[in-house]
Each structure stands twice: as C-alpha cells, then as structure tokens.
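Working notes, structure below.
Read-outs throughout are calculated quantities, based only on the coordinates presented, and are distinct from any laboratory measurement. Worth saying up front: this structure is predicted, and the values here are computed from it rather than measured. Neighbour counts run over all protein chains shown; Cβ positions are idealised from the backbone, glycine included.
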Amino acid sequence: MTAPYAISFLTGLLALNPVINLGLIPTAVQGASRSHRQAFFYGLLGTLTMMLYGLLSWLLHFYLIVPLRIAAFELPLLMLLMPGLNWALTVMLKPWPRLEQNLPLFYLNFLALASALLLLQSPPASFGLMTLTLLGMSASFLVSLILISHLRARLETALFLKPLKGWPTFLLASGILWIAFQGLLMMVK
Amino acid sequence: MRLPSESKQQLFLKNLWSENPVTFSGLGIFLAVAGTATLGQAFFLGGMVLLLLLFNSLVSSAVGELFQIRVPLWPQVILTSLMLSILSLFLSGAFSALPDNTRILYALLAASPLVYSRSQLLSYNTTVDRALFDAAGTGVGTLFVLLFIALVRQVAGQGSLAGLTVFPFSPWPLFNTTLGGIIMTGTMLVIFNLARGKK
C-alpha cells in the first residue's frame, strides 16, 4: 500500500534532482554554495520555492491544461506563474529576512521551472504521489547544495591551483555528488 | 565593460571569446553540462540560444530607439516563452531524434538568464545593428563551446561522429552520461582560466 509513495519519494530524491542528476546547474547555485551558511538558507528557500511552484504547476497541468487541451501553451502559462510566486514569497518571507535576502538569487526561478518541468515530464497521477515526489526533489536539492558547499570549501583550500577556483571546483564537487547519487540509485533499483 | 567606442566587430569578438557566456560568466553552463550529449543536441540548443538572443536584442533595441524606454524583463519572458511554444509545434520531429532531456532544456531557455542577458544589459541602450552584433557574438560563442564539448563527448562516449565510425568501440562510455558533461565543461573552464591567466 505504501510502496507507490515510497517509490515516488525515492524517485524525487534520487532521480529527479535538478542540480545533480540532470546537470541543470543554475548560476545562482554556484554562487550560493560558496559558504555553508548561505548554502543552507538558499537551500531552504529553494526547497520552499520548488514545493510551491511544483504544486501550482501540477494543479495548472491537471485542472487547466489537460481539460482544455492546450498543452502547446503550457510554457507561457508556467512562466506567468513566476511573477505571482515571486510576489507571494516576498510577502511571505518578510518576517524571515535571512531567507528573504536570498530571493534575488532566484533570478527568474530557473530552478523552480526546472523542477516543475521534471515533475510534469511524467506527472504523478495523485496529489499524494506528487507531494512526495516534490518532497524528495526538494530534500535532495537541500542536501546536495549543503554537501557541495562543504566539498567546495575543502577542495578550494586543498588545491592551491588558481585556475580551479570558482566554476571548476563547483563542477568537480557536483561530479562527485553525481557519482554518489547514481550509486544510491543503483542500490535502490 | 562596454565602451561606446567599441566597434560592432569588437563587440562580436569580445562575446565570442574573452567574455564568452559559458567560459567567462557561466550563464550557459547548464547547457554545456546537460545539452551536449550529441552534436545534434548541441547544435539545436545552441542555435535556439542564438535565435532567442537575436530576437530579444532586436526587440529591446528597436523599442529603445523608437520610444527611449527599456523593455521590462517579464513581458520579454512571456514573449520568449510564447515564441518557444509556437516553435515547438513545428519541431516535434527534431525532438524525437534528440536525447530525452532536450525538451526540458529547450523549455528552460525561457527562464535562462543567458537569453536575456544582452537585451537587459546593453541592447536597450544602443542602436539595432550594434545590439545585433553583440547578441550574435554571444550566441555564436555559446554555440561554438557547446559544439566543441559535444564533439569530444560524442567521439569519446560513442566512438562515432556524424554517422562515421571513429573508433570501433566506445573509448569512454562515461562521456555519454551527465558526468561526461560535467568533466568536459570543467576541463574547458580550467583551460580557459589558464589561457586567461597567461595574458
């Protein structure tokens, strides 16, 4: 009975992480993983954004796009959701300035769109399955961002080579994490 | 920094190499990592980036010249996503011949800072021809880097190129995976950093 829910969560966690598994690395993530503290707060905000945007996209898909058969215009409609989401997050996060100050890093909510598109590629049929898939994706994003920031901190101090600083170290850390996630996925399979 | 005295050719060449959006600013990294599994995919996505950059810069500079205003980001985003949606109606055949993640990467272009960078930073404040040269340099620079990475990945990962067998076996199958994209992009960036450091 609980197997489909567990599979949905694990799929989100291991197979649909937009940062690592598909290599969809937004520029903001690279900037946000320079320090552990920033990575944590950015990760929390990312988790919240992915959850909210994923939920709205799923509702839009099943309650508007599928009934009206306007799949061709799904992308503009998804993009229209973004300004609304940005506004809502700004209002919601007023009491938490540490989270709010990371909001500009979500330039156009690239990450949110990536996760929504991954979710809608084979959309979960029920609300429960969708929520668990999104939870898995969000948790995976938070964990990978924190791990990348720790890996980067060690790599950048261990390797004294100047050309490796910045993007190459970030990619190196992402590569290591990609291998780890693939290993976990193989074990689950 | 853009100087008013820069010629159109200088604008083009600057974005092609020294301020390349993949190797310099990192705006196109996601495409370099995930959109270079095959040469066809790299050409398709790079071509779309070039097309969108030209389109956005044309709109932004034309509106800037005619009305002396800057096109806000959101209308441009909606316009671009509409354009991508309409184009995708004619591209279903191309999508089926390309790797699975192409459709997602194609849709992600609508939210990519890479596509709006030139129109929001320069185009609204300059003439149409200068804006087009600037956008063309950025787009062609992105396309070249994507094609180079895809070329290495395809030869190393599949042992073939454009239907021709280069190796009778696959020398490094790992290059077919996302990790191959991460390794190749990282190597490209290190080479670029070394070349820049020597100057």
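Over all residues in B:80-89, what is the mean tally of Cβ atoms on other chains that come within 10 Å of each residue's Cβ? Intermediate values should be presented prior to the final figure.
Working: counts 3, 10, 4, 2, 3, 9, 3, 0, 4, 1.
Across B:80-89, the average partner-chain Cβ count within 10 Å equals 4.
Per DSSP H run of n ≥ 4, the term is -39500 (n - 2.57); total these for chain B, divide by its residue number, and report the mean residue ellipticity at 222 nm rounded to 500 deg cm²/dmol. Calculated from helices alone, the mean residue ellipticity at 222 nm is -22500 deg cm²/dmol. Going from the fewest other Cβ atoms within 10 Å to the most, the residues B:GLU6, A:GLU74 appear in the order B:GLU6, A:GLU74. Database remark: amide H of B:LEU161 closer than 5 angstrom to the amide H of B:VAL166 (H placed geometrically; neighbours at sequence offset of 5 or more, or on other chains; Pro and chain starts carry no H).
Taking Cα atoms only, the orientation of helix A:36-60 departs from the longest principal axis of chain A by about 20 degrees. Considering only B:LEU146, B:LEU66, B:LEU87, the residue lying farthest towards the positive end of the dipole of the protein assembly as shown is B:LEU146, judged by Cα position with unit charges set on Cβ.
Per-residue Cβ counts within 10 Å, from other chains only, averaged over B:176-184: what number is that? Write down the numbers at each step before the final one.
Values: counts 0, 4, 9, 8, 2, 5, 13, 3, 1.
Taking the mean over all residues of the peptide, I get 5.
Using a 10 Å cut-off around each Cβ, can you sort A:THR2, B:THR185, B:THR126, B:THR36 from fewest to most neighbouring Cβ atoms? Before the final figure, lay out each step's value.
Details: A:THR2 6, B:THR185 32, B:THR126 21, B:THR36 29.
Arranged by neighbour count, lowest to highest, A:THR2, B:THR185, B:THR126, B:THR36 become A:THR2, B:THR126, B:THR36, B:THR185.
With r defined as the distance between the Cβ atoms of B:ALA162 and B:TRP17 and R0 fixed at 30 Å, what FRET efficiency is calculated, to the nearest 0.05?
Values: r = 26 Å, r/R0 = 0.85.
Calculated value: 0.70.
For the pair A:MET187 and A:PHE40, label points projected 7 Å from Cα toward Cβ lie 2.5 nm apart. Across peptide A:70-81, the mean count of Cβ atoms from other chains lying within 10 Å of each residue's own Cβ comes to 5.
For the stretch A:3-188, which semi-axes, largest first and in whole Å, follow from the square roots of 5 times the eigenvalues of its Cα gyration tensor? All intermediate terms of the calculation are to be shown ahead of the outcome.
Numbers: eigenvalues 167, 82, 39 Å².
Here the semi-axes work out to 29, 20, 14 Å.
For the options B:SER18, B:SER92, B:SER123, a Gaussian network treatment of chain B with springs between C-alpha atoms closer than 10 Å singles out B:SER92 as fluctuating the most.
Here each label is just a point 7 Å from Cα along the line to Cβ, and for A:LYS94 and A:ALA158 those points are 4.7 nm apart. Counting only residues at least eight positions apart within a chain, or on another chain, the aspartates and glutamates with an alpha carbon under 19 Å from that of B:LYS8 are B:GLU19, B:GLU65, B:ASP129, B:ASP134.
Look at B:SER119, B:SER61 and count the other Cβ atoms within 10 Å of each Cβ; fewest to most, that gives B:SER61, B:SER119.
Please state the shape class of the protein assembly as shown: rounded when a/c is under 1.5, otherwise prolate if a/b exceeds b/c and oblate if not, all from the C-alpha gyration tensor. Rounded shape, in that the Cα axes give a/c under 1.5. The aspartates and glutamates within cross-link reach of A:LYS165, meaning a Cα-to-Cα straight distance under 14 Å and a gap of 8 or more places when in the same chain, are A:GLU156.
Other residues within the sphere of radius under 15 Å centred on the Cβ of B:GLY35, judged by their own Cβ, net out at +1 (K and R +1, D and E -1).
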